[in-house]
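Chemist: Sharing a structure, written as structure tokens. Questions coming.
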Amino acid sequence: MNFRILAGMPTSETEMVLAARFDELASADLVAVRSTTAALIDAAGEFPELDVVLVHQDLGPAPVFDAVRDLSHRHPQLAILLVSSSMDAETVTGAMEAGARGVLAADSGIAELENRIARAADWSRTLRRHLESASLDLPASGVRGRVLAVSGAKGGVGTTTCAVHLAYTAAAAGRVVCLVDLDLQTGDLPAFLNLRHRRSIGDLVGTGDEITPGMLSETLYVDPRGPHVLLAPEHGERGEDVSARVARRVLTALRSRYELVVVDCGSTMNEATAMAVELADRAVVAVTPDVPALRGAQRLMGMWERLQVRAQQDVYALVTRHSRKNEIQPDFLRHLLNAKVLRTPVPASYRGLEPGENNGDPTRVTDEGLRKAFSRLAAELDLLSPPAQPGNGKGGTPTPPGGLSALRAGMEGGLSTRDVSGFVHASQEPGRPGATGGSQRDPGGRGGFGG
């Protein structure tokens, strides 16, 4: 695989010179050129598996050493080379103190350019391998991880709340967990977890048939409180790019790296969530004890059955907002739904959830009833023990071939309600930051650095 290079060049003349020189390099690809420091810093987060960033000394408007320092802090795995027309000691010292890997003369020849890029890229890839092993390493057991798909009968039943707390409960028990937001249009995990991250599942759409550990490492958010997190796209329209094929590749890659993958499917049926439900070892539908939610659960599970995604008897119903004062109790709900109902309901403790949801920190939920409920649910779903030895890995009856082929034709009759993903009103949640994707090659221009 050729080395992938990003460049920041101040003028069109320097871009042209660099483009001409890269045309003669067989081992390196110039994936993008940016003309300002701000655009260069943004681009470093858009292109997967970059190796080297070339930064011209005259790049502005921000001071170039500040831009180098910002890049090295945000992306410590990237090798940054400062391109300078002056090779004096002050320039070299300033570049190295800012975090650059070295200084490259602006009038360097082809051989020197290729040599310096190769050495910097080798350093970058070695460091990236160490970072991947530190952040994504699993016990060397060859065990295939479990996948839990959590869907909502309708909006507002607590789908994301349940997915988040089940993931954090399993992580607290020592499992290596990844939490995936497949609520592609209205995902709220950044608000629930109070996190900012530029990358999302949308950045894995154009990665080809194989998703490497490096791609995962650059896309996932490593939450020090527990699970690693794969976000939904910031802009809902980009969720349309995440097809069933993409979802299969992503979930297959994750289950080979994690003991448990918890997927928040929201309450909207699409190709990606249908694939998650089909692949899952356990599929759970969150439902509140009221008639509209029960009808929504019946419609959703019936749709899965008709489209041969998952048999209804292989779905678990999870009762949320449970209270002894409710007209519909879990025992009665078992008679209404042709599905297994989990023995442990989630109590209707609105105040108990507030510390976690209002502060973006699930670990701040101290309500004993809620903590016990999620612990019992995790145990009931077998999320706390290490995964078994490799086997089928598929929950329920295998889906016949072509189970998703009729999905597009059947989507018009599917659910379309929004999952506000919690027991508090969605209007109280802050706006979510998200990720920006990038193409593999910048159409805007390729550049040079001489002059």
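Chemist: Could you check the spin-label model distance between Asn194 and Val291? Points 7 Å from the Cα along Cα→Cβ, value in nm.
Modeler: So the label points at Asn194 and Val291 sit 4.1 nm apart.
Chemist: Search the structure for amide H atoms under 5 Å from the amide H of Val341, placed 1.01 Å from N in the peptide plane, and list their residues when 5 or more places away or on another chain.
Modeler: Ala317
Chemist: Starting at the first residue of the range 159-165, write each ³J(HN,Hα) from the Karplus equation 6.51 cos²θ - 1.76 cosθ + 1.60 with θ = phi - 60°, in whole Hz, x for Gly and Pro.
Modeler: 4, 5, 4, 5, 4, 5, 6
Chemist: Starting from the 7 Å offset along Cα-to-Cβ, what nm value, one decimal, do you get for the label separation of Ile110 and Asp42?
Modeler: 3.5
Chemist: Want the number for Thr91 to Glu13: 0.36 nm per residue separation, take away the alpha-carbon distance, what's left? Let's see the in-between values first.
Modeler: On the way: separation 78, 0.36 × 78 = 28.08 nm, distance 2.26 nm.
Going from the current span to full extension adds 25.8 nm.
Chemist: If you take every residue apart from Ala373 with its C-beta less than 13 Å away from the C-beta of Ala373, what net charge results, scoring Lys and Arg +1 and Asp and Glu -1?
Modeler: Details: positive: Arg321, Arg343, Arg371, Lys372, Arg376; negative: Asp367, Glu368, Glu380.
My count for the surroundings of Ala373 gives +2.
Chemist: What spacing in nm lies between the two simple spin-label points modelled at Asp66 and Glu210, each 7 Å away from Cα in the Cβ direction?
Modeler: 4.3
Chemist: Place a point 7 Å from the Cα of Glu380 along the Cα-to-Cβ direction; which residues of the range 324-345 have their backbone N under 13 Å from it?
Modeler: From the range 324-345, the list is 330-334, 340-345.
Chemist: Follow-up question, since we're still on this one. Can you sort Phe65, Phe22 by how many other beta carbons sit within 10 Å, fewest first? Intermediate values should be presented prior to the final figure.
Modeler: Numbers: Phe65 18, Phe22 22.
In order of increasing Cβ crowding within 10 Å: Phe65, Phe22.
Chemist: Something else now. Would you mind counting up the charge near Gly226? Only other residues with Cβ under 11 Å from its Cβ, with Lys and Arg at +1 and Asp and Glu at -1. Intermediate results must be reported in sequence, preceding the final value.
Modeler: On the way: positive: Arg175, Arg225; negative: Asp223, Asp361.
Neighbourhood net charge equals 0.
Chemist: Report the extension gain between Ala172 and Lys340 in nm, rounded to one decimal, defined as 0.36 nm multiplied by the number of residues separating them, less their alpha carbon distance. Provide the component values of the computation, followed by the final result.
Modeler: Working: separation 168, 0.36 × 168 = 60.48 nm, distance 2.66 nm.
So the chain would gain 57.8 nm between Ala172 and Lys340.
Chemist: Within a Cβ distance under 14 Å of Ala111, other residues only, what is the Lys/Arg minus Asp/Glu net charge?
Modeler: Working: positive: Arg21, Arg116, Arg119; negative: Glu24, Asp107, Glu112, Glu114.
Around Ala111, the surrounding residues sum to -1.
Chemist: Based on other C-beta atoms within 10 Å, arrange Tyr168, Tyr350, Tyr316 from fewest to most. Display every interim value, and only then the final one.
Modeler: Values: Tyr168 25, Tyr350 13, Tyr316 19.
Ascending Cβ contact count within 10 Å gives the list Tyr350, Tyr316, Tyr168.
Chemist: Mind putting a number on the dipole of the range 3-135 about its Cα centre? Charges go on the C-beta only, +1 for Lys and Arg and -1 for Asp and Glu, and I need it in Debye to the nearest 20.
Modeler: Its charge dipole is roughly 460 debye.
Chemist: On to the next question. Sorted by mean Cβ packing within 10 Å, highest first, what order do the peptides 275-281, 75-81, 335-341, 239-245 take? Kindly include the intermediate steps, with their values, before the conclusion.
Modeler: Numbers: 275-281: 26.1, 75-81: 21.3, 335-341: 15.9, 239-245: 17.9.
So the order, starting with the most tightly packed, is 275-281, 75-81, 239-245, 335-341.
Every number in this text was worked out from the coordinates using simple rules, so none of it is lab data. What you see is a predicted model, and the numbers here were worked out from it, not measured in a lab. Glycine gets a Cβ as well: all are built from the backbone with ideal geometry, and neighbour counts include every protein chain shown.
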